[in-house]
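Below is one structure; the comments refer to it alone.
The values are calculated or read from the model by the stated rules, or taken from the named source; none is laboratory data. Keep in mind the model is a prediction, meaning the values are calculated, not measured. With ideal geometry, Cβ positions are generated from the backbone for all residues, glycine too; neighbour counts draw on all protein chains shown.
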Amino acid sequence: MKNKEYIKMRKKLLSASVLALLIGSTAYLNAYCQLVTQKEIVTTASAKSVDVNNFNQRVANNGMIKIMPQVTNGFGDNQRLSYKLRDKEGALKSQGMLAIGQITTITNLEIGAKGGSYQLEISPQSVKDHGGIRRLTGAYTKNIELTATAPEADVSLLYKNTNDTDRHIMLGYFMPLIPSVNYYELAAEHGYNVAINAFVKIQCDTDSSCVLTDQYGQQAVDIAHKVDAAKEKYPQFKYAMLSVTWQGLDNFNVGSASANHIKLLAQTIVDYLNQAHLDGIDFDLEAALSLKHWDGVALDHLIKQIRADKPNVIVTAAPQLFKNTDGKYILVTQGLNQDYDVAIENGDFDYVVIQEALSLPEEANPNIISESIKQLEGSDSAVKIPSKTKLLPDVLSGPNVNPSNPNSVWYACASSKTPDCTTVFKALAEQYQSLIDNPQFGGAATWSINQDQSNTAAKSNPWQWATTIGNVI
């Protein structure tokens, strides 16, 4: 064959290959990575097949992977991405930068008789977010298998804007230990889009008098200024809330469960929310309602009345994960008291924060996150959770929260023999990411923002929870 004819044929083959890549692929390996800037990464990969009978001359080191990142919906074409490719032994085979809209080709990859197994890591190196640069840690990984019959693989990344309502929740509780600090703004700055003030005290001295007070002395008007400042500076911040409890303190003096009193209590709560510019209320009760001469029906009536008085209110619950005598997971206030069940089954809660720490031996394993969700949403679940109610697993933010409790995912890295908690954070991130496509999964929750901020003293880094988990949901 003449050289000119050979060159023309090569050009045609190359054009066809690029066109096929741009059109798309038929086999998908999906990963959805919600960034702090409300962006979504959709990754697809396909292997190109060839007729092995016409491929006898292919050598063992002739595998190829092509990577092409693209953007849409105004994401911006100035994003910088990096990649690393490792073999099945973990050895680094290739690394470099990826250019938006351009194909990066990795060649001379080993195939061999048994195929070549590779792991591709792709990292957003920096993302512009409301005037500041957020550096994101953690890579998004894809396993790729190259064989003699499929020696080439195409990986296509599509970055696109997503609607704010599609974002998963990154929720954190905080104690306003320093009243002058705006913890709502601090939370938003580090990637939380929901922050809850823990706790506000309910005091009903009589059936005609109820008062809400912040246990750290903040006035409602002061809280309002902080909420307004946080939302103005960080538009991605969704909900500022308060939480009520009585765990450890007698903060839940709700009075009687009569219909008239429940109306008074609901109106008192709504008035406080409006004065403080708060979006909603969280019920983190952690004690049996019967101790207050209440029950699950009374709680259900209270929430319904709150919603009647403030239709756009956000209501969350924070039950503890436990097991009943049948071995099924249940959601409790304390012990076997399923006080939340009536309100949960009636769809009263927008989000249910599932406290998965300290109570059960299973909670020492990161797999508790996906296993509990799977069982709770199953047909034989002990509590029937409506599909509209989103679930937020909470395993605490780091090893400085009850590090000596063996029923904790952090126990493994709390001993002096373990230098840090990197492996635990990685395992938790994988668990949360595995739930991305589950429609009932609402995101991640944690106790607490204060602990996350101070993790540097406990074998992890400041804001490691917000960074590691926030980057995958």
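Per-structure values
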| quantity | calculated |
| --- | --- |
| From the options Ala266, Ala229, residue that is among the aliphatic types (A, V, I, L, M), surrounded by fewer than 22 Cβ atoms within 10 Å (Cβ to Cβ) and within 19 Å of Tyr184 (Cβ to Cβ) | Ala229 |
| Options Tyr340, Tyr329: the member that is at pLDDT 95 or above, farther than 14 Å from Gly280 by Cα and touching a Lys or Arg at 6+ places or on another chain (Cβ under 7 Å) | Tyr329 |
| Hits in region 143-169 - residues which are at pLDDT 65 or above, surrounded by fewer than 21 Cβ atoms within 10 Å (Cβ to Cβ) and under 21 Å from Leu435 (Cβ atoms) | Asn143, His168 |
| Qualifying residue in region 431-439 (condition: surrounded by fewer than 22 Cβ atoms within 10 Å (Cβ to Cβ) and small (Gly, Ala, Ser)) | yes |
| Flag for Ala287 being touching a His at 6+ places or on another chain (Cβ under 7 Å), outside any helix (DSSP H, G or I), crowded, with 17+ Cβ neighbours inside 10 Å and modelled with pLDDT under 95 | no |
| Flag if Asn197 is buried (at least 23 other Cβ atoms within 10 Å of the Cβ), modelled with pLDDT of 75 or more and of a type in the set (S, T, N, Q) | yes |
| Odd one out for Tyr272 among (1) touching a residue at least 60 places away in the same chain (Cβ under 8 Å); (2) outside any helix (DSSP H, G or I) | (2) |
| Hey, Ser460 crowded, with 16+ Cβ neighbours inside 10 Å, of a type in the set (Ser, Thr, Tyr) and in contact with a Phe, Trp or Tyr (Cβ under 6 Å, 6 or more places away or on another chain) or not | no |
| Residue check for Asn337: over 25 Å from the mean Cα position of the chain (by Cα) and either within 25 Å of Asn197 (Cα to Cα) or in contact (Cβ under 8 Å) with a residue 12 or more places away in the chain (or both) | yes |
| Residues that are at pLDDT 95 or above, surrounded by 20 or more Cβ atoms within 10 Å (Cβ to Cβ) and either in a loop (DSSP other than H, G, I, E, B) or of a type outside the set (S, T, N, Q) (or both), drawn from region 239-263 | Tyr239, Ala240, Met241, Leu242, Ile262 |
| Yes/no for Asp420 being out of contact with any strand residue (DSSP E or B) (no Cβ under 6 Å at 6 or more places or on another chain) and under 28 Å from Lys142 (Cα atoms) | yes |
| In region 275-284, the residues that are part of a loop (DSSP other than H, G, I, E, B), in contact with a helix residue (DSSP H, G or I) (Cβ under 7 Å, 6 or more places away or on another chain) and under 30 Å from Glu356 (Cα atoms) | Leu278 |
| Residues satisfying the stated conditions in region 216-238, i.e. part of a loop (DSSP other than H, G, I, E, B) and under 23 Å from Tyr351 (Cβ atoms) | Tyr234, Pro235, Gln236, Phe237, Lys238 |
| Qualifying strands (runs of 3 or more DSSP E) (wholly inside region 319-414; at least 1 residues being among the charged types (D, E, K, R), closer than 22 Å to Ile169 by Cα and in contact with a Gly (Cβ under 6 Å, 6 or more places away or on another chain)) | 390-394 |
| Residue in region 309-320 that is among the hydroxyl-bearing types (Ser, Thr, Tyr) and free of Cβ contacts under 8 Å to residues at least 24 places away in the same chain present | no |
| Odd one out for Lys417, checked against (1) modelled with pLDDT under 75; (2) not in a loop (DSSP other than H, G, I, E, B) | (2) |
| Residue list for region 423-473, filter: touching a His at 6+ places or on another chain (Cβ under 6 Å) and either among the polar types (S, T, N, Q) or not in a helix (DSSP H, G or I) (or both) | Gly443, Trp463, Ile473 |
| Hits in region 206-232 - residues which are under 13 Å from Asn182 (Cα atoms) and touching a strand residue (DSSP E or B) at 6+ places or on another chain (Cβ under 6 Å) | Val227 |
| Single match in Gly96, Gly172, Gly90 (criterion: at pLDDT 85 or above and crowded, with 18+ Cβ neighbours inside 10 Å) | Gly172 |
| Search result, residues across region 240-269 that are among the polar types (S, T, N, Q) and free of Cβ contacts under 8 Å to residues at least 40 places away in the same chain | none |
